[in-house]
Amino acid sequence: MVAQLGVISFSSCHLIHASRQFSLPLHKPTAMATLSTDPVREWILTEGKATQITGISPVGGGCINLASRYNTDAGSFFVKTNRHIGPEMFEGEALGLNAMYDTKSIRVPKPFKVGAFPTGGSYIIMEFIEFGSSRGDQSVLGRKLAEMHKAAKSENGFGFHVNNTIGSTPQINTWTSDWIEFYSEHRLTFQLKLAQQQYGDSAIYEKGQRLVKNIAALFEDVTIEPCLLHGDLWSGNISSDKNGEPVILDPACYYGHNEAEFGMSWCAGFGGSFYNAYFEVMPKQPGFEKRRDLYLLYHYLNHYNLFGSGYRSSAMSIIDDYIRILKA
(Lines give C-alpha, C1' and ligand atoms only; values in the text may rest on other atoms or scores of the structure.)
Protein backbone atom coordinates (compact mmCIF):
# COMPACT_ATOMS: atom_id res chain seq x y z
CA MET A 1 0.00 0.00 0.00
CA VAL A 2 1.51 3.32 -1.04
CA ALA A 3 0.45 6.87 -0.31
CA GLN A 4 2.53 8.09 -3.25
CA LEU A 5 4.00 5.81 -5.87
CA GLY A 6 7.14 4.19 -4.49
CA VAL A 7 7.51 6.65 -1.65
CA ILE A 8 5.82 5.62 1.57
CA SER A 9 4.10 2.53 2.86
CA PHE A 10 0.56 3.07 4.05
CA SER A 11 0.92 0.03 6.23
CA SER A 12 3.78 0.12 8.71
CA CYS A 13 6.75 -0.92 6.60
CA HIS A 14 9.29 -3.11 8.35
CA LEU A 15 12.23 -1.04 7.04
CA ILE A 16 14.99 -1.99 9.43
CA HIS A 17 18.21 -0.47 8.16
CA ALA A 18 20.75 0.47 10.76
CA SER A 19 21.23 3.91 9.26
CA ARG A 20 17.64 4.77 10.17
CA GLN A 21 17.82 3.72 13.81
CA PHE A 22 18.65 5.81 16.83
CA SER A 23 18.43 4.99 20.51
CA LEU A 24 15.83 6.39 22.86
CA PRO A 25 16.42 6.82 26.58
CA LEU A 26 15.45 3.61 28.30
CA HIS A 27 13.28 3.96 31.39
CA LYS A 28 13.46 0.79 33.41
CA PRO A 29 10.36 -0.20 35.37
CA THR A 30 10.71 0.33 39.10
CA ALA A 31 7.98 -2.08 40.18
CA MET A 32 5.93 -4.99 38.91
CA ALA A 33 2.92 -2.68 38.85
CA THR A 34 4.70 -0.58 36.25
CA LEU A 35 5.66 -3.68 34.30
CA SER A 36 2.09 -4.94 34.17
CA THR A 37 0.88 -1.70 32.55
CA ASP A 38 3.24 -2.28 29.61
CA PRO A 39 2.29 -5.64 28.08
CA VAL A 40 4.99 -5.38 25.39
CA ARG A 41 7.76 -5.07 27.96
CA GLU A 42 6.10 -7.70 30.12
CA TRP A 43 5.98 -10.26 27.28
CA ILE A 44 9.59 -9.62 26.26
CA LEU A 45 10.82 -10.04 29.85
CA THR A 46 8.82 -13.23 30.44
CA GLU A 47 7.81 -15.28 27.40
CA GLY A 48 10.44 -13.56 25.28
CA LYS A 49 13.11 -15.04 27.59
CA ALA A 50 14.90 -11.70 28.05
CA THR A 51 16.10 -10.45 31.41
CA GLN A 52 17.01 -6.96 30.23
CA ILE A 53 15.88 -4.54 27.52
CA THR A 54 19.03 -2.71 26.46
CA GLY A 55 17.58 -0.23 23.98
CA ILE A 56 14.53 0.80 21.97
CA SER A 57 14.94 2.26 18.48
CA PRO A 58 12.19 3.68 16.26
CA VAL A 59 11.88 2.13 12.80
CA GLY A 60 10.73 4.41 10.01
CA GLY A 61 8.52 3.78 7.00
CA GLY A 62 4.89 3.69 8.12
CA CYS A 63 2.10 6.18 8.66
CA ILE A 64 -0.56 4.07 10.41
CA ASN A 65 1.42 2.33 13.13
CA LEU A 66 4.47 3.13 15.21
CA ALA A 67 7.28 0.62 14.75
CA SER A 68 10.19 -0.05 17.08
CA ARG A 69 13.12 -2.38 17.55
CA TYR A 70 13.57 -3.69 21.07
CA ASN A 71 17.12 -4.83 21.77
CA THR A 72 17.51 -7.31 24.63
CA ASP A 73 19.98 -9.79 26.05
CA ALA A 74 17.91 -12.49 24.31
CA GLY A 75 18.08 -10.84 20.87
CA SER A 76 15.96 -8.22 19.14
CA PHE A 77 12.20 -7.97 18.64
CA PHE A 78 10.18 -5.93 16.15
CA VAL A 79 7.12 -4.24 17.66
CA LYS A 80 4.29 -2.32 16.00
CA THR A 81 1.81 -0.34 18.06
CA ASN A 82 -1.34 1.63 17.38
CA ARG A 83 -2.93 3.59 20.20
CA HIS A 84 -6.21 4.16 18.36
CA ILE A 85 -7.48 0.73 17.32
CA GLY A 86 -8.12 -2.64 18.91
CA PRO A 87 -6.08 -5.75 18.15
CA GLU A 88 -8.20 -6.99 15.23
CA MET A 89 -5.96 -5.51 12.53
CA PHE A 90 -2.81 -7.01 14.07
CA GLU A 91 -4.58 -10.34 14.63
CA GLY A 92 -5.29 -10.50 10.90
CA GLU A 93 -1.67 -9.65 10.14
CA ALA A 94 -0.41 -12.33 12.54
CA LEU A 95 -2.66 -15.00 11.01
CA GLY A 96 -1.35 -14.09 7.57
CA LEU A 97 2.27 -14.08 8.65
CA ASN A 98 1.87 -17.45 10.36
CA ALA A 99 0.20 -18.95 7.29
CA MET A 100 3.07 -17.78 5.07
CA TYR A 101 5.69 -18.81 7.63
CA ASP A 102 4.25 -22.32 7.81
CA THR A 103 4.82 -22.89 4.08
CA LYS A 104 8.60 -22.86 4.70
CA SER A 105 9.05 -21.23 1.30
CA ILE A 106 9.78 -17.50 1.51
CA ARG A 107 11.04 -15.74 4.61
CA VAL A 108 8.59 -13.67 6.64
CA PRO A 109 8.90 -12.35 10.20
CA LYS A 110 7.46 -14.82 12.71
CA PRO A 111 4.74 -13.21 14.86
CA PHE A 112 4.96 -13.90 18.58
CA LYS A 113 2.22 -11.95 20.33
CA VAL A 114 -0.77 -9.70 19.60
CA GLY A 115 -2.56 -7.87 22.38
CA ALA A 116 -4.31 -4.77 23.67
CA PHE A 117 -2.97 -2.00 25.87
CA PRO A 118 -4.86 -1.41 29.13
CA THR A 119 -5.34 2.26 28.22
CA GLY A 120 -6.47 1.56 24.64
CA GLY A 121 -4.78 0.57 21.42
CA SER A 122 -2.96 -2.58 20.42
CA TYR A 123 0.40 -4.09 19.55
CA ILE A 124 2.11 -6.93 17.71
CA ILE A 125 5.50 -8.40 18.64
CA MET A 126 7.39 -10.34 15.99
CA GLU A 127 10.75 -11.61 14.93
CA PHE A 128 13.26 -8.91 14.09
CA ILE A 129 14.94 -9.49 10.73
CA GLU A 130 18.14 -7.61 9.96
CA PHE A 131 17.80 -6.46 6.39
CA GLY A 132 20.53 -6.51 3.78
CA SER A 133 21.56 -3.63 1.58
CA SER A 134 19.31 -4.52 -1.37
CA ARG A 135 16.04 -6.20 -2.29
CA GLY A 136 17.95 -9.29 -3.35
CA ASP A 137 17.78 -11.43 -6.47
CA GLN A 138 14.48 -11.04 -8.34
CA SER A 139 14.63 -14.55 -9.75
CA VAL A 140 14.93 -15.99 -6.22
CA LEU A 141 11.98 -13.84 -5.12
CA GLY A 142 9.90 -15.07 -8.05
CA ARG A 143 10.72 -18.72 -7.40
CA LYS A 144 10.09 -18.57 -3.67
CA LEU A 145 6.83 -16.67 -4.08
CA ALA A 146 5.65 -19.33 -6.54
CA GLU A 147 6.68 -22.04 -4.08
CA MET A 148 4.50 -20.38 -1.44
CA HIS A 149 1.55 -20.24 -3.84
CA LYS A 150 2.06 -23.88 -4.75
CA ALA A 151 2.46 -25.06 -1.16
CA ALA A 152 -0.50 -23.37 0.49
CA LYS A 153 -3.97 -24.17 -0.83
CA SER A 154 -7.28 -23.87 0.98
CA GLU A 155 -9.96 -26.53 1.25
CA ASN A 156 -12.48 -23.83 2.22
CA GLY A 157 -12.41 -22.05 -1.12
CA PHE A 158 -11.47 -18.43 -1.66
CA GLY A 159 -11.18 -16.06 1.30
CA PHE A 160 -9.46 -16.17 4.67
CA HIS A 161 -10.11 -17.09 8.29
CA VAL A 162 -10.79 -13.45 9.22
CA ASN A 163 -11.46 -10.17 7.49
CA ASN A 164 -8.38 -7.96 7.42
CA THR A 165 -7.27 -4.66 5.90
CA ILE A 166 -5.61 -3.45 2.73
CA GLY A 167 -3.93 -0.30 3.98
CA SER A 168 -6.67 0.94 6.30
CA THR A 169 -9.50 -0.22 4.04
CA PRO A 170 -11.47 -3.23 5.29
CA GLN A 171 -10.85 -6.33 3.18
CA ILE A 172 -13.73 -8.81 3.29
CA ASN A 173 -12.63 -12.44 3.15
CA THR A 174 -15.87 -14.41 3.46
CA TRP A 175 -15.23 -17.96 2.22
CA THR A 176 -16.62 -18.39 -1.29
CA SER A 177 -16.45 -21.45 -3.51
CA ASP A 178 -16.21 -19.54 -6.80
CA TRP A 179 -13.30 -17.20 -7.55
CA ILE A 180 -15.15 -15.01 -10.03
CA GLU A 181 -17.92 -14.47 -7.48
CA PHE A 182 -15.39 -13.75 -4.71
CA TYR A 183 -13.34 -11.27 -6.72
CA SER A 184 -16.42 -9.58 -8.17
CA GLU A 185 -18.21 -9.13 -4.85
CA HIS A 186 -15.54 -8.82 -2.17
CA ARG A 187 -12.87 -7.03 -4.15
CA LEU A 188 -14.20 -4.96 -7.08
CA THR A 189 -17.81 -4.29 -6.02
CA PHE A 190 -16.75 -3.50 -2.45
CA GLN A 191 -14.33 -0.82 -3.69
CA LEU A 192 -16.80 0.52 -6.25
CA LYS A 193 -19.49 0.92 -3.57
CA LEU A 194 -16.96 2.67 -1.33
CA ALA A 195 -16.15 5.15 -4.09
CA GLN A 196 -19.83 5.81 -4.64
CA GLN A 197 -20.46 6.34 -0.91
CA GLN A 198 -17.32 8.37 -0.27
CA TYR A 199 -17.22 10.58 -3.36
CA GLY A 200 -20.70 10.23 -4.83
CA ASP A 201 -18.98 8.74 -7.87
CA SER A 202 -21.90 7.08 -9.62
CA ALA A 203 -20.07 7.03 -12.95
CA ILE A 204 -17.26 4.74 -11.82
CA TYR A 205 -19.71 2.57 -9.88
CA GLU A 206 -22.08 2.09 -12.81
CA LYS A 207 -19.33 1.42 -15.34
CA GLY A 208 -17.56 -0.83 -12.87
CA GLN A 209 -20.71 -2.89 -12.41
CA ARG A 210 -20.97 -3.36 -16.18
CA LEU A 211 -17.47 -4.78 -16.11
CA VAL A 212 -18.09 -6.99 -13.07
CA LYS A 213 -21.05 -8.65 -14.77
CA ASN A 214 -18.90 -9.64 -17.74
CA ILE A 215 -15.51 -10.72 -16.33
CA ALA A 216 -16.23 -14.45 -16.64
CA ALA A 217 -15.16 -14.24 -20.29
CA LEU A 218 -11.61 -13.49 -19.11
CA PHE A 219 -11.34 -16.83 -17.33
CA GLU A 220 -12.11 -19.32 -20.08
CA ASP A 221 -9.96 -22.48 -19.97
CA VAL A 222 -8.31 -21.37 -16.71
CA THR A 223 -7.80 -23.60 -13.68
CA ILE A 224 -8.09 -21.48 -10.55
CA GLU A 225 -6.95 -22.83 -7.20
CA PRO A 226 -7.18 -20.93 -3.89
CA CYS A 227 -3.51 -20.14 -3.25
CA LEU A 228 -2.23 -18.28 -0.20
CA LEU A 229 -1.50 -14.70 -1.30
CA HIS A 230 0.50 -12.00 0.44
CA GLY A 231 -2.11 -9.61 -0.90
CA ASP A 232 -0.21 -6.29 -0.89
CA LEU A 233 3.07 -7.06 -2.59
CA TRP A 234 4.72 -3.79 -3.58
CA SER A 235 8.31 -2.63 -3.28
CA GLY A 236 7.95 -1.31 0.27
CA ASN A 237 6.88 -4.76 1.47
CA ILE A 238 9.78 -6.61 -0.17
CA SER A 239 13.33 -6.78 1.11
CA SER A 240 16.11 -9.29 1.74
CA ASP A 241 17.91 -10.51 4.82
CA LYS A 242 21.65 -10.20 5.41
CA ASN A 243 22.21 -13.42 3.47
CA GLY A 244 20.43 -12.01 0.43
CA GLU A 245 17.33 -14.19 0.85
CA PRO A 246 14.06 -12.42 -0.01
CA VAL A 247 11.78 -11.29 2.79
CA ILE A 248 8.15 -10.19 2.44
CA LEU A 249 6.16 -8.44 5.15
CA ASP A 250 3.08 -6.35 6.03
CA PRO A 251 0.64 -8.74 4.33
CA ALA A 252 -3.07 -8.54 3.56
CA CYS A 253 -3.39 -12.31 3.17
CA TYR A 254 -6.19 -14.35 1.67
CA TYR A 255 -6.55 -17.42 -0.53
CA GLY A 256 -7.13 -16.43 -4.14
CA HIS A 257 -6.11 -16.81 -7.76
CA ASN A 258 -2.32 -16.70 -7.84
CA GLU A 259 -2.34 -14.04 -10.57
CA ALA A 260 -4.01 -11.60 -8.17
CA GLU A 261 -0.68 -11.43 -6.33
CA PHE A 262 0.62 -9.20 -9.10
CA GLY A 263 -2.06 -6.54 -8.56
CA MET A 264 0.48 -4.12 -7.09
CA SER A 265 3.06 -4.80 -9.81
CA TRP A 266 2.74 -1.18 -10.97
CA CYS A 267 4.61 -0.33 -7.79
CA ALA A 268 6.71 -3.45 -7.24
CA GLY A 269 9.38 -3.30 -9.92
CA PHE A 270 9.03 -6.93 -10.99
CA GLY A 271 11.27 -7.62 -13.98
CA GLY A 272 11.60 -10.39 -16.52
CA SER A 273 13.79 -12.55 -14.28
CA PHE A 274 11.11 -12.46 -11.57
CA TYR A 275 8.32 -13.62 -13.87
CA ASN A 276 10.48 -16.23 -15.64
CA ALA A 277 11.42 -17.82 -12.33
CA TYR A 278 7.87 -17.62 -11.04
CA PHE A 279 6.35 -19.31 -14.11
CA GLU A 280 8.89 -22.13 -13.96
CA VAL A 281 7.19 -23.20 -10.73
CA MET A 282 3.64 -21.96 -11.39
CA PRO A 283 3.12 -22.15 -15.17
CA LYS A 284 1.49 -19.21 -16.89
CA GLN A 285 -2.13 -19.92 -17.79
CA PRO A 286 -4.00 -18.98 -20.98
CA GLY A 287 -5.15 -15.35 -20.98
CA PHE A 288 -2.72 -14.15 -18.29
CA GLU A 289 -2.05 -10.88 -20.12
CA LYS A 290 -5.78 -10.25 -20.60
CA ARG A 291 -6.41 -10.54 -16.86
CA ARG A 292 -3.41 -8.56 -15.65
CA ASP A 293 -5.21 -5.19 -15.55
CA LEU A 294 -8.24 -6.72 -13.85
CA TYR A 295 -6.05 -7.41 -10.82
CA LEU A 296 -4.45 -3.97 -10.98
CA LEU A 297 -7.93 -2.46 -10.85
CA TYR A 298 -8.62 -3.57 -7.27
CA HIS A 299 -5.55 -1.74 -6.00
CA TYR A 300 -6.12 1.37 -8.11
CA LEU A 301 -9.66 1.56 -6.73
CA ASN A 302 -8.36 1.13 -3.21
CA HIS A 303 -5.81 3.91 -3.71
CA TYR A 304 -8.58 6.11 -5.09
CA ASN A 305 -10.64 5.46 -1.98
CA LEU A 306 -7.70 6.01 0.37
CA PHE A 307 -5.80 8.86 -1.26
CA GLY A 308 -8.21 10.64 -3.58
CA SER A 309 -8.79 11.55 -7.19
CA GLY A 310 -5.19 11.13 -8.37
CA TYR A 311 -5.86 7.42 -8.86
CA ARG A 312 -9.34 7.71 -10.38
CA SER A 313 -8.21 8.08 -13.98
CA SER A 314 -6.09 4.91 -13.83
CA ALA A 315 -9.02 2.93 -12.47
CA MET A 316 -11.50 4.38 -14.95
CA SER A 317 -9.15 3.77 -17.87
CA ILE A 318 -8.94 0.06 -17.01
CA ILE A 319 -12.73 -0.17 -16.65
CA ASP A 320 -13.30 1.58 -19.99
CA ASP A 321 -10.81 -0.65 -21.78
CA TYR A 322 -12.45 -3.83 -20.49
CA ILE A 323 -15.95 -2.57 -21.31
CA ARG A 324 -14.76 -2.02 -24.89
CA ILE A 325 -12.92 -5.36 -25.15
CA LEU A 326 -15.75 -7.37 -23.59
CA LYS A 327 -18.48 -5.34 -25.32
CA ALA A 328 -20.08 -4.97 -21.88
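The values are calculated or read from the model by the stated rules, or taken from the named source; none is laboratory data. Computed from a prediction, not measured in an experiment: that's the story for all the values here. Cβ sites come from the backbone with ideal geometry, for glycine too, and all protein chains shown count toward neighbours. When the accessible area is computed, the model is the full protein with side chains, heavy atoms only, and any ligands, DNA or RNA have been set aside. Shrake-Rupley method; radii C 1.70, N 1.55, O 1.52, S 1.80 Å.
The residue pairs whose first member lies in the stretch 164-178 and is closer than 16 Å to Pro226 by Cα, whose second member is exposed (fewer than 15 other Cβ atoms within 10 Å of the Cβ), and whose beta carbons are closer than 6 Å, counting only pairs six or more residues apart or on different chains, are Trp175/Asn156. Here is the figure for the stretch 230-263: residues that are more than 21 Å from Glu127 (Cβ to Cβ) and either polar (S, T, N, Q) or without any contact (Cβ under 8 Å) to a residue 60 or more places away in the chain (or both) total 5. Of Phe270, Phe274, which residue is open to solvent by 10 Å² or more (accessible area, probe 1.4 Å) and in contact (Cβ under 8 Å) with a residue 40 or more places away in the chain? Sole residue among the options that is open to solvent by 10 Å² or more (accessible area, probe 1.4 Å) and in contact (Cβ under 8 Å) with a residue 40 or more places away in the chain: Phe270. Out of (1) part of a helix (DSSP H, G or I); (2) surrounded by fewer than 19 Cβ atoms within 10 Å (Cβ to Cβ); (3) not small (Gly, Ala, Ser), what's the single condition that is false for Pro286? Pro286 satisfies every listed condition except (1). A Cβ distance below 8 Å, combined with a sequence gap of six or more or placement on separate chains, defines the contacts here; from the stretch 187-202, residues that are in contact (Cβ under 8 Å) with a residue 24 or more places away in the chain reach residues that are in a loop (DSSP other than H, G, I, E, B) in the pairs Ala195/Asp201.
Is it the case that some residue within the stretch 294-313 is among the basic types (Lys, Arg) and more than 30 Å from Gln196 (Cα to Cα)?
no
Anything in the stretch 168-200 that is open to solvent by less than 10 Å² (accessible area, probe 1.4 Å) and not charged (D, E, K, R)? List them, or say none. Result: Thr169, Gln171, Asn173, Trp179, Phe182, Tyr183, Leu188, Thr189, Gln191, Leu192, Ala195.
For Lys113, are the conditions met, namely being at pLDDT 95 or above, open to solvent by 20 Å² or more (accessible area, probe 1.4 Å) and not assigned by the TED database to the domain that holds Ser168? Outline the logic, then answer.
Working: at pLDDT 95 or above: yes; open to solvent by 20 Å² or more (accessible area, probe 1.4 Å): yes; not assigned by the TED database to the domain that holds Ser168: yes.
Considered against the rule, which asks whether it is at pLDDT 95 or above, open to solvent by 20 Å² or more (accessible area, probe 1.4 Å) and not assigned by the TED database to the domain that holds Ser168, Lys113 comes out as yes.
Can Pro111 be described as closer than 23 Å to Asn65 by Cα and without any contact (Cβ under 8 Å) to a residue 24 or more places away in the chain? Answer is yes for this residue. Answer yes or no as to whether Thr223 is modelled with pLDDT under 95 and either of a type in the set (D, E, K, R) or outside any helix (DSSP H, G or I) (or both). So Thr223 fits the description; yes. Among the residues of the stretch 252-283, the one identified as assigned to a loop (DSSP other than H, G, I, E, B) and among the aromatic types (Phe, Trp, Tyr) is Phe270.
Please enumerate the residues belonging to the stretch 100-110 that are open to solvent by 20 Å² or more (accessible area, probe 1.4 Å) and not in a strand (DSSP E or B).
Of all residues in the stretch 100-110, those open to solvent by 20 Å² or more (accessible area, probe 1.4 Å) come to 101-104, 107, 110.
Matches in the stretch 100-110: Tyr101, Asp102, Thr103, Lys104, Lys110.
Going by the structure shown, is His303 touching a Cys at 6+ places or on another chain (Cβ under 9 Å) and surrounded by 15 or more Cβ atoms within 10 Å (Cβ to Cβ)? No: the conditions fail for His303.
Return the only residue of Lys242, Lys213, Lys207 being farther than 23 Å from Tyr183 by Cα and basic (Lys, Arg).
Working: Lys213 fails: farther than 23 Å from Tyr183 by Cα; Lys207 fails: farther than 23 Å from Tyr183 by Cα.
Selected residue: Lys242, the only one of Lys242, Lys213, Lys207 that is farther than 23 Å from Tyr183 by Cα and basic (Lys, Arg).
Within the stretch 38-71, restricting attention to residues that are open to solvent by less than 20 Å² (accessible area, probe 1.4 Å) and in a strand (DSSP E or B), which residue is nearest to Gly236 (Cα to Cα)? Looking at residues that are open to solvent by less than 20 Å² (accessible area, probe 1.4 Å) and in a strand (DSSP E or B), I get Ala67.
Among the candidates Phe77, Phe90, the residue that is in contact with a Ser or Thr (Cβ under 6 Å, 6 or more places away or on another chain) and either assigned by the TED database to the domain that holds Pro226 or surrounded by 15 or more Cβ atoms within 10 Å (Cβ to Cβ) (or both) is uniquely Phe90.
Here the stretch 206-229 is the region considered, the condition is being farther than 19 Å from Phe288 by Cα and open to solvent by less than 50 Å² (accessible area, probe 1.4 Å), and the residue that is nearest to the chain's Cα centre (by Cα) is Gly208.
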